[in-house]
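Take a look at this one; I'll ask things after.
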Amino acid sequence: MQLAVPNLTIKYDEDLTSDEFALHALKCMLKSSKPSFANDRMFKKDLGERYAIASCYNGFNITGGAYTMNRLRLPDCAKEAKSIEDFMERVLPYYSKLMIENMNRRTQFIVEESTFFKTNFLVNEGFLKRENFVSMYGLAGLAECCNILLGIEDKKKGFGHCKEADELGVKILERIIEISESIPAVYSENRDNKVWMHAQVGIDSDGQDCSPGTRIPIGAELSLPKQIKHSTLYQKYFPTGTGDIYKFDEMWSKNLTALLDVVKGAMRTGVRYFSGYEENGDLVRVTGYLVKKSELEKFQRGELSHNQATVLGVGAMNNGKALERKLHTMDE
């Protein structure tokens, strides 16, 4: 049916998921941008046996969810820093504290002042349990942040292409986790009262100056094997959501076993979440959500669109060049 809604995810473990089923899932993914593949072993290690994937790639305990999420635009923070040391020791602690304090106030209002967890039918009937909720520390633009701190202007020479930038990205994430774990998160007892990291996919107004989460900027992507390997440096840090998106040429549809080998290799090396679509398909994954190219064209002609996300897709297409991702061919 080629519908943009809902998103779908397969919990994938090569020891539990048959190749036959996985091949059907890949065929569907190429034609409709779904399902994505979640690394079941990684999610179980972080969240336990009873977890689910919500929306584009958010991992939560079943009956749980997120109280709230703030996001840190790392490139903006980098522009305030006088040096890498200043960024690590002054800028990141300052904004992390502000974020977590803000999220704590929001959470306190939801739990203590609103009546959601006291009266909502989802809670009363056992579908949601407050003790399984967490606050999400979102961040975006790691690539641009590293490039700014290192004075790299050419994206094709920076994050993803430069070992120093890649290693700095790891240090930044580890520093953020160190800071965030020192600040208690209220009503997050199932996560030891800590916020949990989320690679935020961005919004249409971010343009090309703040790439989603820890992704390599569009226009500077690597070959498929190298980009998958690069993503493994960062995806382990984000139990509540992260992932890369790959655009494939039509030859992959005729060689699904080869694509399954790619997915297996990605999961074995530490990819948490894998998404893809075929270049000639109508459905495309923009940042996390899905839109139809035919709906984008109708919207730009001033015609009615059946999906409210289309307007966001137009912004991501025009501002963030989301439809111009590197095309991955079988001869890479």
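Would you pick out the residues in segment 216-263 that are charged (D, E, K, R) and more than 26 Å from Lys163 (Cα to Cα)?
Applying the first criterion (charged (D, E, K, R)) to segment 216-263 yields 221, 226, 229, 236, 244, 247, 249-250, 254, 261.
Of everything in segment 216-263, those that are charged (D, E, K, R) and more than 26 Å from Lys163 (Cα to Cα) turn out to be Asp249, Glu250, Lys254, Asp261.
Follow-up. Could you please give the count of residues in segment 280-297 that are surrounded by 15 or more Cβ atoms within 10 Å (Cβ to Cβ) and over 20 Å from Leu8 (Cβ atoms)?
Qualifying residue count for the region: 1.
Now for a different question. Does Arg175 count as under 21 Å from the mean Cα position of the chain (by Cα) and in a helix (DSSP H, G or I)?
On the way: under 21 Å from the mean Cα position of the chain (by Cα): yes; in a helix (DSSP H, G or I): yes.
Yes: the conditions hold for Arg175.
Let me ask something else about it. Sort out which residues of segment 1-36 are more than 21 Å from Leu283 (Cβ to Cβ), in contact (Cβ under 8 Å) with a residue 24 or more places away in the chain and assigned to a helix (DSSP H, G or I), and write them in order of number.
Asp19 - this is the single residue of segment 1-36 that is more than 21 Å from Leu283 (Cβ to Cβ), in contact (Cβ under 8 Å) with a residue 24 or more places away in the chain and assigned to a helix (DSSP H, G or I).
Looking at Lys118, Lys79 in this structure, which one is at pLDDT below 95, of a type in the set (Lys, Arg) and open to solvent by 60 Å² or more (accessible area, probe 1.4 Å)? Outline the logic, then answer.
Working: Lys79 fails: at pLDDT below 95.
Of Lys118, Lys79, the one residue that is at pLDDT below 95, of a type in the set (Lys, Arg) and open to solvent by 60 Å² or more (accessible area, probe 1.4 Å) is Lys118.
I'd like the full set of residues that are open to solvent by 30 Å² or more (accessible area, probe 1.4 Å) and polar (S, T, N, Q), limited to segment 121-143.
Passing the criteria: Asn124, Asn132.
On the given criteria, is Val271 over 23 Å from Asp166 (Cβ atoms), crowded, with 16+ Cβ neighbours inside 10 Å, in contact (Cβ under 8 Å) with a residue 60 or more places away in the chain and β-branched (Val, Ile, Thr)? Lay out the reasoning, then the answer.
Numbers: over 23 Å from Asp166 (Cβ atoms): no; crowded, with 16+ Cβ neighbours inside 10 Å: yes; in contact (Cβ under 8 Å) with a residue 60 or more places away in the chain: yes; β-branched (Val, Ile, Thr): yes.
Taking the combined requirement at face value, the residue does not satisfy it.
Considering only residues that are of a type in the set (A, V, I, L, M) and more than 22 Å from the chain's Cα centre (by Cα), look in segment 149-165 and name the one that is farthest from Tyr237 (Cα to Cα). Give the steps one after another, and end with the answer.
Just the residues of segment 149-165 that are of a type in the set (A, V, I, L, M), to begin with: 149-150, 152, 165.
With the extra rule that they be more than 22 Å from the chain's Cα centre (by Cα), the set shrinks to 149-150, 152.
Values: Leu149: 21, Leu150: 23, Ile152: 25 Å.
Within segment 149-165, the match that is farthest from Tyr237 (Cα to Cα) is Ile152.
Asn319 is checked against (1) in contact with a Gly (Cβ under 7 Å, 6 or more places away or on another chain); (2) polar (S, T, N, Q); (3) open to solvent by less than 40 Å² (accessible area, probe 1.4 Å) and fails just one. What number does that condition carry?
(3) is the only condition that Asn319 fails.
Also: Could you list, in sequence order, the residues of segment 147-162 that are assigned to a helix (DSSP H, G or I), open to solvent by less than 40 Å² (accessible area, probe 1.4 Å) and touching a residue at least 40 places away in the same chain (Cβ under 8 Å)? Break it down into steps so the answer makes sense when it comes.
First, pick out the residues of segment 147-162 that are assigned to a helix (DSSP H, G or I): 147-149, 155-157.
Checking the rest, the ones that are also open to solvent by less than 40 Å² (accessible area, probe 1.4 Å) come to 147, 149.
Within segment 147-162, Leu149 is the sole residue that qualifies.
So which residues in segment 170-187 are closer than 14 Å to Leu72 by Cβ and open to solvent by less than 20 Å² (accessible area, probe 1.4 Å), if there are any at all? Explain how you work it out, then say what you get.
At the first step, the residues of segment 170-187 found to be closer than 14 Å to Leu72 by Cβ are 172-173, 175-177, 179-180, 183.
Ile172, Leu173, Ile176, Ile179, Ser180 - these are the residues of segment 170-187 that are closer than 14 Å to Leu72 by Cβ and open to solvent by less than 20 Å² (accessible area, probe 1.4 Å).
Taking segment 10-45 as the search range and keeping residues that are open to solvent by less than 50 Å² (accessible area, probe 1.4 Å) and of a type in the set (S, T, N, Q), which one is farthest from Lys236 (Cα to Cα)?
Residues of segment 10-45 that are open to solvent by less than 50 Å² (accessible area, probe 1.4 Å), as a first pass: 10, 12-13, 17, 22-23, 25-26, 29-30, 32-40, 42-43.
Imposing the further condition that a residue be of a type in the set (S, T, N, Q) reduces the set to 17, 32-33, 36, 39.
Numbers: Thr17: 22, Ser32: 27, Ser33: 23, Ser36: 17, Asn39: 11 Å.
Looking at residues that are open to solvent by less than 50 Å² (accessible area, probe 1.4 Å) and of a type in the set (S, T, N, Q), I get Ser32.
Within segment 46-64, take every residue that is buried (at least 20 other Cβ atoms within 10 Å of the Cβ) and of a type in the set (A, V, I, L, M, F, W, C) and give me the one that is nearest to the chain's Cα centre (by Cα).
So the residue we want is Cys56.
Tell me, which helices (runs of 4 or more DSSP H) lie completely within segment 246-332 with 3 or more residues that are within 21 Å of the chain's Cα centre (by Cα) and closer than 23 Å to Arg215 by Cα?
On the way: elements: 256-269, 293-300, 310-320.
The qualifying helices (runs of 4 or more DSSP H) are 256-269, 310-320.
Turning to a different aspect of this structure: I'd like the residue in segment 206-227 that is more than 13 Å from the chain's Cα centre (by Cα) and buried (at least 21 other Cβ atoms within 10 Å of the Cβ) and, out of all such residues, is modelled with the lowest pLDDT. Write out each step before concluding.
First, the residues of segment 206-227 that are more than 13 Å from the chain's Cα centre (by Cα): 206-210, 217-227.
Cutting the leftovers down to buried (at least 21 other Cβ atoms within 10 Å of the Cβ) gives us 206, 210, 217, 221.
Values: Asp206: 81, Cys210: 94, Pro217: 95, Glu221: 97.
Only one residue tops the list, namely Asp206.
Report yes if some residue within segment 196-209 is among the polar types (S, T, N, Q), closer than 27 Å to Ala266 by Cα and touching a residue at least 60 places away in the same chain (Cβ under 8 Å); otherwise report no. Break it down into steps so the answer makes sense when it comes.
Initial filter on segment 196-209 (among the polar types (S, T, N, Q)): 200, 205, 208.
In the following step, the residues that additionally are closer than 27 Å to Ala266 by Cα were identified as 200, 208.
Then keep just the ones that are touching a residue at least 60 places away in the same chain (Cβ under 8 Å); that gives 200, 208.
Yes: segment 196-209 contains one or more residues that are among the polar types (S, T, N, Q), closer than 27 Å to Ala266 by Cα and touching a residue at least 60 places away in the same chain (Cβ under 8 Å).
To continue, here is another question. Among the residues of segment 248-268, which ones are under 19 Å from Ala199 (Cβ atoms) and open to solvent by 10 Å² or more (accessible area, probe 1.4 Å)?
Initial filter on segment 248-268 (under 19 Å from Ala199 (Cβ atoms)): 266-267.
Within segment 248-268, Met267 is the sole residue that qualifies.
The values are calculated or read from the model by the stated rules, or taken from the named source; none is laboratory data. Small disclaimer: the values here were computed from a predicted structure and weren't measured. Virtual Cβ from ideal backbone geometry, glycine too; neighbours counted across all protein chains shown. What goes into the accessible areas is simple: the full protein's heavy atoms, side chains included, and nothing from ligands, DNA or RNA. Shrake-Rupley method; radii C 1.70, N 1.55, O 1.52, S 1.80 Å.
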